[in-house]
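Peer 1: Structure provided below as structure tokens; questions to follow.
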Amino acid sequence: MTTTTAPTEKKSSEPVLPLSSAQGIAWDLGDLYQGLADPKIEEDLAQAKQRAERFEQTYRGLLQAPEGPAPEPLQQALTELEALSEQMDKPLIFAMLMHSAQTNDPSRGALLAKTREARTAINQHLIFFDLAWVALPDAVAQPLIEHPLLARFRHYLEQKRLWKPHYLSEPEEKILEEKQVTGRAAFVRLFDETTALMTCPFEGKNGVEKLTIQQTLAKLYDPDAAVRQAASNALTASLKEQSRLLTFLFNTVILDHQVDVRLRRFANPMEPRHLANEISAATVHALMTSIEAYHGTVQRYYRMKAKLMGLPVLHDHDRYAPVFADLPRCPWDEAAALVRESYRQFSPQAGQIIDQFFERRWIDADPRPGKRGGAFSSSAVPSAHPYILMNYTDKLRDVMTLAHELGHGLHQYLSRDVGYLQCDTPLTTAETASVFGEMLTFERLLDRYPEPRIRLGLLCGKIEDSFATAFRQVVMTRFEEAAHQARQEKGELATEQLNDLWIQANLPMHGQAVTLTPNYAWWWLYVGHFIHVPFYCYAYSFGELLVLALVQKYKQEGTAFVEQYLDLLRRGGSESPPQLLRRLGVDINDPGFWKLGLRLLDDMVTQAEQLAAQI
Ligand SMILES: [Zn+2]
């Protein structure tokens with residue numbers, strides 16, 4: 001998940017520190033291409049285009065025959081589709097990585113636009129395939145799905161057919177795909193570039209500094225209440241300044257989504273996300289209401305925190321303040337050693353894979369100006385390996401982010417063998433390995449710092465992260481639900497209307513324990529998930545609670561769990577989440593399941609209360 005990051009703060013009384021101990025920790029994308037001018041980029045695009053044309057000539061008739069294809073040619077078709085999809089996507093993935101590392105370099109933006117256009121043109125020849133597959137009658141498709149020759153592609157074939165009621169005709173699909181580039185994708189890019197370049201006028205002791213959004217958000221973790229207040233003012237000021245554009249982008253994305261929902265005959269705006277997540281609406285409902293039933297735990301924690309910090313009122317911008325100002329910093333080399341060790345201790349095999357990320361430079365950790373904020377792990381392509389981007393600023397939180405992204409990396413690395421068409425998991429289980437990896441590292445951090453104050457500080461950090469992942473994401477989903485509904489009923493929404501919906505969505509979680517300031521009303525404006533993938537957020541809640549339950553299983557079962565868990569990661573997205581998790585003895589359709597993780601969180605709050613009473 002994305003987290004906040006900023007260069008080390010400079011205070012006049014202190015020696016000037018380097019920006020980050022991760023300066024110069026940059027990835028080597030050479031396993032994809034040798035730079036922007038690598039002729040192989042053009043070659044891959046040209047070859048993929050030829051292959052796609054040939055693919056269409058060879059297989060269109062085969063799939064459209066009334067009796068359907070025989071298993072052998074269908075297997076050949078899928079094998080070729082897999083290989084050529086990888087070749088078609090590789091230049092775009094490379095361009096996206098290059099662009100995210102330096103969004104203010106126009107030549108990278110140009111490559112991104114060019115490869116995206118080329119990919120879209122190539123894909124025009126492939127659109128028929130899914131449509132023809134889906135159009136086959138069940139009596140023809142079902143025996144193919146079950147055929148042993150097609151076992152490798154089974155889930156792919158099965159899953160596509162679930163979309164059957166929502167496909168349009170081939171010419172319609174082609175037009176929609178082609179218009180994406182100048183439609184949705186363009187708005188997403190405008191959002192990314194706008195928010196990456198926005199500057200917040202932060203009024204510190206040394207006058208007004210222009211900070212990026214990420215740098216400003218990082219100041220909410222400052223021990224000084226005045227700094228947090230100034231950060232809140234700075235972020236709000238810049239959001240207000242860009243609110244017209246950002247509100248328009250959000251309205252546009254919602255409308256685009258609504259048009260999709262209508263054209264594709266979905267019952268409601270969340271249905272396409274549930275289908276993509278391979279999860280039922282009932283499971284999501286059980287998850288969200290279970291979490292909402294534990295708002296009391298959140299409020300108990302915040303009341304304890306206010307007391308611990310001696311604050312009469314805990315404002316929204318105080319929620320992430322460190323309970324102790326003196327938590328140690330962690331330089332990059334130590335963080336790397338600690339995270340590697342935590343994975344190695346869990347499983348030597350996992351440890352070896354994680355080591356490669358450091359030794360072969362698959363991580364970009366240096367927080368450069370112009371670099372995309374937050375953090376992610378890109379699976380890239382199975383013939384290469386994943387790449388991780390983050391902004392390391394020496395905070396213990398950043399250590400957790402590193403562990404998180406490496407969890408994704410491990411998952412993506414292990415699932416390469418199931419092939420390009422099935423290696424990616426739906427969002428629901430995409431966060432499993434990342435949150436699990438965080439827990440492993442968290443426990444090592446606790447071992448490393450036995451002093452009660454630091455332990456309490458770490459525990460509070462972990463609780464706050466879990467709140468942000470489980471509870472806050474449900475709040476965000478409730479906000480999106482309300483915004484999509486209001487957009488449908490009232491037409492284009494004004495910033496103030498959305499501000500109101502945002503506050504309404506936040507009140508139940510915070511209750512009387514946190515005072516939401518007028519500034520906070522504007523803070524939905526920078527949330528990328530709303531723009532990138534509507535209704536993404538509940539998948540984080542799903543992942544967090546799932547992992548808390550898995551951690552308990554690991555503690556109970558020990559090494560027996562490790563092999564089963566790695567096996568789950570290896571399967572990538574080749575089975576649905578309920579199927580995969582059944583292999584670990586977990587039934588996510590049981591509404592009681594979510595309480596396991598919530599109880600663990602509640603226990604952590606109790607532990608923190610006890611530690612706080614001792615200090
Ligand atoms: Zn993540």
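The values are calculated or read from the model by the stated rules, or taken from the named source; none is laboratory data. These figures come from a predicted structure and were not determined experimentally. Positions of Cβ are backbone-derived with ideal geometry, glycine not excepted, and every protein chain shown enters the neighbour counts. Ligands, DNA and RNA are excluded from the accessible area calculation, which covers all protein heavy atoms including side chains. Shrake-Rupley method; radii C 1.70, N 1.55, O 1.52, S 1.80 Å.
Peer 1: Out of all DSSP beta bridges in the chain, what portion is antiparallel? Express it as a percent rounded to 5. Present the calculation step by step, with values, prior to reporting the outcome.
Peer 2: Details: 8 of 11 bridges.
Of those bridges, close to 75 percent are antiparallel.
Peer 1: Report the gain in length on full extension from ALA65 to GLU271: 0.36 nm times residue separation, minus Cα-Cα distance, nm rounded to one decimal.
Peer 2: Values: separation 206, 0.36 × 206 = 74.16 nm, distance 3.17 nm.
Gain on stretching ALA65 to GLU271: 71.0 nm.
Peer 1: Of HIS274, THR58, GLY35, which is farthest towards the positive pole of the chain's charge dipole, taken about the Cα centre with +1 and -1 on the beta-carbons of Lys, Arg and Asp, Glu respectively?
Peer 2: It is HIS274, whose Cα lies furthest towards the positive end.
Peer 1: Which Cα, out of THR283, MET304, GLN258, lies furthest along the positive dipole direction of region 253-327 (beta carbon charges, K/R +1, D/E -1)?
Peer 2: Looking along the dipole axis, the top candidate is MET304.
Peer 1: Shifting gears a bit: Would you check the accessible area of SER21, probe 1.4 Å, heavy atoms only, in square angstrom rounded to 10?
Peer 2: Number for this one is 50 Å².
Peer 1: Taking N as the number of residues in the chain, what is its Cα Rg relative to 2.2 N^0.38 Å?
Peer 2: Normalised Cα radius of gyration, the chain: 0.96.
Peer 1: Right, something else. How large are Rg and Dmax for region 206-308 when calculated on the C-alpha trace, in angstrom?
Peer 2: 20.1, 57
Peer 1: Run the simple label-point estimate for ALA83 and ASP28 please: 7 Å along Cα→C-beta, distance reported in nm.
Peer 2: 2.9 nm
Peer 1: Can you give me the C-alpha center-to-center distance between region 485-520 and region 38-111, rounded to a whole angstrom?
Peer 2: Taking the Cα centre of region 38-111 as reference, the centre of region 485-520 is 43 Å away.
Peer 1: Express the carbon and sulfur contribution to the solvent-accessible surface of region 388-462 as a percent, rounded to the nearest whole number, probe 1.4 angstrom.
Peer 2: 49 percent
Peer 1: How large, in percent, is the carbon and sulfur part of the accessible surface of region 95-140 at a probe radius of 1.4 Å?
Peer 2: Values: 990 of 1660 Å².
About 60 percent, which is the carbon plus sulfur part of the accessible surface.
Peer 1: Write down the accessible area per residue of the chain in Å², having rolled a 1.4 Å probe over the full set of protein chains.
Peer 2: Values: 24760 Å² over 615 residues.
Using a 1.4 Å probe on heavy atoms only, each residue of the chain averages 40 Å².
Peer 1: Give me the number: length gained by fully extending LEU516 to ASP260, i.e. 0.36 nm times residue separation minus the C-alpha to C-alpha distance, one decimal in nm. Mind showing how you got there, number by number?
Peer 2: Working: separation 256, 0.36 × 256 = 92.16 nm, distance 3.47 nm.
Taking LEU516 through ASP260 to full extension adds about 88.7 nm, to one decimal.
Peer 1: Beyond a 28 Å Cα-Cα separation, which of these cross-linked pairs lie in this structure: LYS219/LYS555; LYS114/LYS210; LYS307/LYS462; LYS160/LYS462; LYS164/LYS553?
Peer 2: Numbers: LYS219/LYS555 36 Å; LYS114/LYS210 32 Å; LYS307/LYS462 19 Å; LYS160/LYS462 38 Å; LYS164/LYS553 38 Å.
Result: LYS219/LYS555; LYS114/LYS210; LYS160/LYS462; LYS164/LYS553 exceed 28 Å.
Peer 1: What nm value, rounded to one decimal, do you get for the distance between ALA185 and LEU600 when each label is placed 7 Å out toward the C-beta?
Peer 2: Between ALA185 and LEU600, the simple spin-label model gives 3.9 nm.
Peer 1: How many angstrom separate the Cα center of region 244-279 from the Cα center of region 196-226?
Peer 2: That distance is 33 Å.
Peer 1: Still on this structure, please answer the following. On the first, second and third principal axes, largest extent first, how far apart are the outermost C-alpha atoms of region 514-576 in Å?
Peer 2: On the principal axes, region 514-576 reaches 51, 30, 13 Å in Cα extent.
Peer 1: Same structure again: Apply the a/c threshold of 1.5 to the C-alpha gyration tensor of region 458-615 and tell me whether it is rounded, prolate or oblate.
Peer 2: Details: a/c = 2.81, a/b = 1.41, b/c = 2.00.
Taking the square roots of the gyration eigenvalues as a ≥ b ≥ c, region 458-615 is oblate.
Peer 1: Which FRET efficiency, nearest 0.05, do THR289 and GLU203 yield, Cβ-Cβ r, R0 30 Å?
Peer 2: Working: r = 42 Å, r/R0 = 1.41.
E(calc), rounded to 0.05, equals 0.10.
Peer 1: Next question, about the same structure. Work from the charge dipole of region 76-218 (Cβ charges, +1 for Lys and Arg, -1 for Asp and Glu, about the Cα centre) and give the residue of ALA186, ALA141, HIS155 farthest towards its positive end.
Peer 2: Ranked along the dipole, the leading option is ALA186.
Peer 1: Moving on. How large is the charge dipole for the chain, taken about the Cα centre, if only the Cβ atoms of Lys, Arg (+1) and Asp, Glu (-1) carry charge, to the nearest 20 debye? Mind showing how you got there, number by number?
Peer 2: Numbers: 64 positive and 77 negative charges, 185 e Å.
Rounded to the nearest 20 debye, it is 880 debye.
Peer 1: Tell me the trypsin sites (Lys or Arg not before Pro) within region 528-586 that lie in a loop according to DSSP and have at most 13 other beta-carbon atoms within 10 Å. It would help to have the intermediate numbers written out before the result.
Peer 2: Values: sites: LYS553, LYS555, ARG570, ARG571, ARG582, ARG583; in loops: ARG571, ARG583.
Those that pass, being in a loop and sparsely packed, are ARG583.
Peer 1: Modelling each spin label as a point 7 Å along the Cα-to-Cβ direction, I'd like the GLU609/GLN485 distance in nm, to one decimal.
Peer 2: 3.3 nm
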